[in-house]
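Read through the structure below, which is laid out as C-alpha cells, and then see the notes.
The values are calculated or read from the model by the stated rules, or taken from the named source; none is laboratory data. The shown structure was predicted, so the numbers you read here are calculated from the model rather than taken from an experiment. Every residue, glycine among them, receives a Cβ derived from its backbone with ideal geometry; neighbour counts consider all protein chains shown. Surface accessibility is based on the protein's heavy atoms, side chains included, excluding ligands, DNA and RNA. Shrake-Rupley method; radii C 1.70, N 1.55, O 1.52, S 1.80 Å.
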Amino acid sequence: MRVLHFYKDYFPDSIGGVEQVIRQMCVGTGRLGVTNEVLTLTRGKDLGPIDFEGHTVRRVPLDINIASNGISFAAFGELKRRAAACDVVHYHFPWPFMDLAHFVAGVDKPTLVTYHSDIVRQKMLLRLYKPLKHRFLQNVDTIVATSPNYLASSAVLDRYRAKTRTITYGLDKSIYPLPEPARLDKWRACAGDKFFLFVGVLRYYKGLHILLDAVASNNYPVVIVGAGPIEQELKAHAARLGLHNVMFVGALDEADKVALLTLCYAVAFPSHLRSEAFGISLLEGAMYGKPMISSEIGTGTSYINVDQETGLVVPPSDPQAFAEAMRTLWDDPALARAMGERAESRYRQLFTAEAMASSYNALYHELVARRTLVRTEGAQAV
C-alpha cells in the first residue's frame, strides 16, 4: 500500500500540530506495511527528497503565501506524478491551494481528506473560496473528522455526514525522547518545581492574551514554549501587565519540550476560537499524565480534556474563570494528581498512535477495494 500525503507544511521545515499528526500517521501506518510519502512546500533551496523516520518527504518551492495559503506552481505537476505512483492520496484540510491542485493535477486515485479545522478567520476570502471548497469535499471519496465533538459542531461537516467518519488523533510516546537528568535539572533551575505549561505556535487563536490576563491576578509561574507571528505582541502585553511570573522560552527541540512536560504541574491551554480544532500539545499533556485547563469551544479540546475528570474546562475568553481554574488546581495537589492520572488513562484508551494508524490503514484498504469494485462492475456492465 502506497500513500501520498499532501499538505503545505511539514518536517523538517515546519513543526506544528498538523505536522506532528502526519508524522504519527506515517510512522504508525509504516509499521503496518504502508509506504508513505509527504509532498509539501518549502522556502528552502534544497529540493531533494528526505528520508524522515521511515517515510519520504518531497518538497516543491513555495512561490506565494496569501493569508496562510501557500502556493507552488511546481506542485501541480509534482502532485500529478506522485499521485500516479501511489494507491491512495491523503489530503489535509484546510489549504485552499490543495483543493485547486487536486483538480489541476487531475488526480484519479482513491482519495480521503483529514478535516483538521474549519476556516475561521478569513471571512472575505472564505466567500470567494466556498465554491471550490465544496466542489473538493464533494469530489473526495471520504472525509475524516478528528473528534466526535468537531463532527457534531461543524456546519461544513454536517453537510457531508454521509461520507464522513471519525478517527481521532493519536500519539506514540515511544518516539518522544527520554529526558536526561541534566536537562531536567536545567529546566528545574529555570522554572522551579511547580509551574503551568503552555506549548504551541504563538498564533491569534491560542488565546495566550487570556492566560496572561489570568495570571495578572496571581503569582503562579507559567512557562510558554513556542514562537510565532504574535510573539512580540504577547511579550509587550506581559510587560504592560508587569508580569514577572511568565517565562517565554521560545521554540524548543523535542528533548527540552519533553523535559518541561515531565516537570510541569499542569497544562494551560487557553485557545478560544474554533481554529483550535483538537490541540496536539494538549494531548501531549495528557500523555504525560498532567491535569489540563482548556476552554469550551466545541472542538476536540473538550474530547481530550473532560471537565472535572481530566482537568477543568472554562468558558472561552474569560480570564477570571481561567484564573479560578488555575487556583483550584494549584491549591489542591491531590485533585491535580488524580486528574493527571485520569488524563493519562484516557490517552491510553482513546488516543494512541497505534489505534489511529490501524484505523487509517483499514480505511486505505477500504478505499482501494471500493475503487476496484466500482471499476470491475463498470467493466462487466460494458
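Principal-axis analysis of the Cα atoms of the chain puts helix 254-263 at an angle of about 40° to the longest axis. Normalised by the number of residues in segment 75-151, the mean separation of alpha-carbon contacts (under 8 Å, six or more apart) gives a relative contact order of 33 percent. Between MET98, LEU157, ASN139, the Cα set farthest toward the positive side of the dipole of segment 95-175 (charges on each charged residue's Cβ, about the Cα centre) is that of LEU157. Rg and Dmax, both from the Cα atoms of segment 174-351 and both in Å, are 14.8, 43. Here the contact order of segment 174-351, divided by its residue count and restricted to Cα pairs under 8 Å and six or more residues apart, works out to 23 percent. Considering only Cα atoms, the convex hull volume of segment 271-377 works out to 103 Å³ per residue.
When the helices of the chain are scored as -39500 (n - 2.57) per DSSP H run of n ≥ 4 and the total is divided over every residue, the value at 222 nm lands at -14000 deg cm²/dmol. Here is the list for segment 1-71: trypsin sites (Lys or Arg not before Pro) lying in DSSP coil, each with at most 10 other C-beta atoms within 10 angstrom of its C-beta, are LYS45. The angle between the Cα long axis of helix 123-139 and the longest principal axis of the Cα atoms of the chain comes to about 50 degrees, rounded to the nearest 10. Taking amide H as placed 1.01 Å from N in the peptide plane, the amide H of PHE52 sits under 5 Å from that of VAL57, each at least 5 places away or on another chain. With the gyration tensor restricted to C-alpha atoms of segment 77-202, the semi-axes of the equivalent ellipsoid amount to 37, 20, 16 Å, longest first.
Here's how it looks for SER271: its modeled amide H is under 5 Å from those of SER295, which are all 5 or more places away or on a different chain. Under 5 Å from the amide H of VAL60 lie the amide H atoms of THR40, LEU41, THR42, each residue being 5 or more positions distant or on a separate chain, with H modelled from the backbone and absent for Pro and chain starts.
Short-range pairs are left out: with C-alpha atoms under 8 Å and at least six residues apart, the relative contact order of the chain is 16 percent. Taken one residue at a time, the phi angles of segment 232-240 give Karplus couplings (6.51, -1.76, 1.60, θ = phi - 60°) of 5, 4, 5, 5, 5, 5, 5, 5, 4 Hz. Gly and Pro are set to x. Report, in listed order, any pair from LYS173/LYS206; LYS45/LYS133; LYS80/LYS133; LYS80/LYS206; LYS194/LYS235; LYS45/LYS235 with a Cα-Cα distance greater than 27 Å. Checking Cα-Cα distances, LYS45/LYS133; LYS80/LYS206; LYS45/LYS235 exceed 27 Å. Averaged per residue, the chain has 42 square angstrom of accessible surface, using a 1.4 angstrom probe with ligands and nucleic acids left out.
Across the alpha-carbon set of segment 42-150, the Rg to Rh ratio works out to 0.96, Rh being the Kirkwood radius.
A straight Cα-to-Cα reach below 20 Å connects LYS109 with the aspartates and glutamates GLU37, GLU78, ASP87, ASP99, ASP141, GLU366, GLU377, residues fewer than 8 places away in its own chain not being considered. How far is helix 17-30 tilted off the main Cα axis of the chain, in degrees rounded to 10, range 0 to 90? Once rounded, one gets 60 degrees.
Ligands, DNA and RNA left out, the 1.4 Å accessible surface of segment 174-351 is 52% carbon and sulfur atoms. Spatial offset of segment 58-80 relative to segment 282-344 amounts to 39 Å, using the alpha carbon center of each. Rounded to the nearest 20 debye, the dipole magnitude of segment 80-199 is 420 debye, with +1 charges on Lys and Arg beta carbons, -1 on Asp and Glu beta carbons, and the Cα centre as origin.
If the only charges are +1 at each Lys and Arg Cβ and -1 at each Asp and Glu Cβ, what is the size of the charge dipole of segment 174-351 around the Cα centre, to the nearest 20 debye?
It comes to approximately 140 debye.
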